[in-house]
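Okay, structure first, notes after.
Coordinate-derived values only; no laboratory data. Just so you know, these numbers come straight off a predicted model, no measurement behind them. Please note: Cβ atoms are built from the backbone with ideal geometry, for glycine as well, and neighbour counts cover all protein chains shown.
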Amino acid sequence: MSSFILLLGIYFGIYALLALGQNLITGKTGLLSLCQAAFMAIGAYTTAILLSRHPHLSFVYVGVWVILSGAIFGLLIGIPTLRLKGDYLAIASLGFGEIVKNVLLNADTLTGGPMGISLPIKSFDKGLFLGMVWLVVCLVLLGLIQLQRSHWGRGLEAIREDELAAQSVGLNTPLYKGAAFMIGAAISAMAGMLWALYHGSAIPQTFDSTLSIMVLCMVVLGGLGNYYGSLFGTMVIVVISELPRLLGFSAIIPAAVNQILFGIILVSLVILRQKKS
Amino acid sequence: MTLLSTHRLHKDFGGIVAVNDLDLNIEKGFITGIIGPNGAGKTTSFNCMTGLDVPTSGQVIFNDIDITGLPTYRINRLGIARTFQNLRLFKEMTVFENVRVAKHRTSSAGNLQKDSGLWLEKLGLWTYRDERAKDLPYGLQKRLEIARAMATNPKLLFLDEPAAGLNQTETQEIMELIRSFRDSGLTVVVIEHDMHLIMNLCQHITVLNFGQKIAEGSPESVRNDPQVIEAYLGKEDHAAR
């Protein structure tokens, strides 16, 4: 049982990173992007490819590459979509997520295809790993809050409020939005690295677009633009989705019920929010 | 001396011509008014001059620099600020933050806080600094938008209907504010339907209709120009019917 609680803590931390990255992009900057799963996959596969070829690389070294590749892919999706707004961006980013997943499934020599890549590392002590995950979460949270207080952070908020007006007071909005995408994607890539390390593998099925929707759900639940809220939202969603297993009902309640639940949560939140404003 | 000029500025949207070969000269240190019936191309020409719309053809020259088609933020950094016909404030941010975001580029990091505060005080918004922009009364929102534009320290300020929706007292206050900017060396261009404001504030008026300049000159000469009267009231035989 205690080992299950530790596992829950690890998942909570990894999902929290995804939610924080999403919140920077969507909550702070107002860009409705739906490809956190793809950014996470980039991180996981960067880790897996590096470690499967060079098993003795230090994690810090791998981490740097993960952050870099996450940021590059963030920019890659960022640049062509910088001109898109709202729903259009959402659709384009969903498409990007699908492209990434299909490349992972089919580029066998690099990604191992549907079987994914196994890491030649021994499994971690759960307690230790939990500490590691939450250390990363805390550092990211600190960084994001620092960013929020800086001129950059206020610039991002200004873009969310009114992009044209932000431009008219001299903000280079493409630069800001590109940076938001890069940082958000890098954070998700770190989540992917932790995921791959913990499971000792990277497989494409993990990084489905339903994961991106779930992450959005966490952020909306916690309040757009509120980082602590994202942690709360993540906790609620993780507990709900693991509850059947926690209570030993997993044989009776199929996993797909989760997705129905996320849908219900998302729809009711949106309706509730609209009433408030 | 000319601060900004357009040469054969042209903008069409699909088949609709919004600005038609417009030649404008904005004199430095003056308040210039742009008037014309609805749909005359006033806002579109503003947009072309501030980078929100890219002109189909023609040129915009500011301070001897060709700024045609530059992105809005670059144009702002060169010294042109603007307000919008329908308010575009950072609604969920505080009054203070609205100004601080704009002031960032023109103030050193150490002075940003202080400068933003001084600026709010000067414009009579200091009392409201912690209010969210959307919670301000309409008149003060208009004032805040001007404050935000001016915080970027422009040489040229475009005001798109600064008095729309304001009562007489507020309009008077805005006029005094604009005059005080002019007296401190700023060049101002105003679009406005309030003729009292235009006639009292502007030294020079340009009249547009169907995207073209139909008259320009001092308020008196424009007021009596038959073409202007026709644009606003229609031809005499139309009116007689």
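May I have the convex hull volume per residue, in Å³, for the Cα set of chain B?
Taking the convex hull of the Cα positions in chain B, it is 138 Å³ per residue.
Less than 18 Å from a label point 7 Å out along the Cα-to-Cβ axis of B:Leu112: which backbone N atoms in the range B:70-94 qualify, by residue?
B:77, B:90, B:93-94
How large is the Kirkwood hydrodynamic radius of the range A:2-206, in angstrom, based on all distinct alpha carbon pairs?
Across the range A:2-206, the inverse of the average 1/r is 17.4 Å.
Mind checking the angle between helix B:168-183 and chain B's longest principal axis? C-alpha axes, 0 to 90 degrees, to the nearest 10.
80
Running Debye on the range B:88-153 with equal point scatterers at the Cα sites and no solvent, what base-10 log of I(q)/I(0) appears at q = 0.15, 0.25 Å⁻¹?
For the range B:88-153 at q = 0.15, 0.25 Å⁻¹, log10 I(q)/I(0) is -0.36, -1.02.
Apply 1/(1 + (r/R0)^6) to the Cβ-Cβ distance of B:Lys235 and B:His7, taking R0 = 25 Å, and write down the FRET efficiency to the nearest 0.05.
0.20
Say R0 is 41 Å: what FRET efficiency, to the nearest 0.05, do B:Asn63 and A:Ile91 get from their beta-carbon distance?
Once the sixth-power term is evaluated, E becomes 0.45.
What distance in nm separates the simple spin-label points at A:Leu247 and B:Phe30, each placed 7 Å from Cα in the Cβ direction?
The modelled label-to-label distance comes out at 7.8 nm.
Starting from the 7 Å offset along Cα-to-Cβ, what nm value, one decimal, do you get for the label separation of B:Phe210 and A:His54?
7.1
Could you tell me the center-to-center distance, by alpha carbons, between the range A:11-31 and the range B:14-36 in angstrom?
About 46 Å separates the Cα centre of the range A:11-31 from the one of the range B:14-36.
Take the alpha-carbon centre of the range B:153-184, take the same for the range A:48-106, and report the distance between them in whole Å.
About 49 Å separates the Cα centre of the range B:153-184 from the one of the range A:48-106.
In the calculated pair distance distribution of the range B:7-47, what percentage of Cα-Cα distances lie above 14 Å?
Percent of Cα pairs beyond 14 Å in the range B:7-47: 51.
Could you pull out which residues in the range B:35-65 have an amide N less than 14 Å from a spot 7 Å beyond the Cα of B:Arg74, following the Cα-Cβ vector?
B:50-55, B:60-62, B:65
In whole Å, how far is the Cα centre of the range B:187-220 from that of the range B:111-148?
28
Please tell me which of these pairs span more than 21 angstrom C-alpha to C-alpha: B:Lys122/B:Lys142; B:Lys213/B:Lys235; B:Lys28/B:Lys142?
B:Lys28/B:Lys142
Express the Stokes-Einstein translational diffusion coefficient of the protein assembly as shown in µm² s⁻¹, to the nearest whole number, given a Kirkwood radius over alpha-carbon pairs, 10 °C and a viscosity of 1.306 mPa s. Mind dumping the intermediate values first?
Numbers: Rh = 25.9 Å.
The estimated diffusion coefficient comes to 61 µm²/s.
Can you tell me which of B:211-217, B:71-77, B:112-118 comes out highest on packing, and rank the rest after it, using the mean Cβ neighbours within 10 Å?
Put in order of decreasing packing, that is B:71-77, B:211-217, B:112-118.
Would you list, by chain and number, the lysines whose Cα falls below 21 Å from the Cα of A:Lys177, excluding same-chain residues fewer than 8 positions away?
A:Lys28, A:Lys85, B:Lys91, B:Lys103
Which Rg and Dmax, in Å, describe the Cα atoms of the range A:166-232?
Spelled out, the Cα radius of gyration and Dmax of the range A:166-232 are 15.4, 49 Å.
List the longest stretch of chain A that has no exposed loop site; here a site is one of the trypsin sites (Lys or Arg not before Pro) assigned by DSSP to anything other than H, G, I, E or B, with at most 11 other Cβ within 10 Å.
In chain A, the maximal stretch lacking such sites is A:123-277.
Among the complete DSSP H segments of chain A, which ones combine at least 27 Å of alpha-carbon extent along their axis with a mean Kyte-Doolittle hydropathy of -0.5 or more? Before the final figure, lay out the partial values.
Numbers: long enough: A:2-22 (30 Å, 1.74); A:59-81 (32 Å, 2.03); A:86-106 (30 Å, 0.85); A:126-149 (35 Å, 1.73); A:173-199 (39 Å, 0.99); A:227-247 (29 Å, 1.25); A:256-276 (31 Å, 1.26).
Membrane-span-like by this rule: A:2-22, A:59-81, A:86-106, A:126-149, A:173-199, A:227-247, A:256-276.
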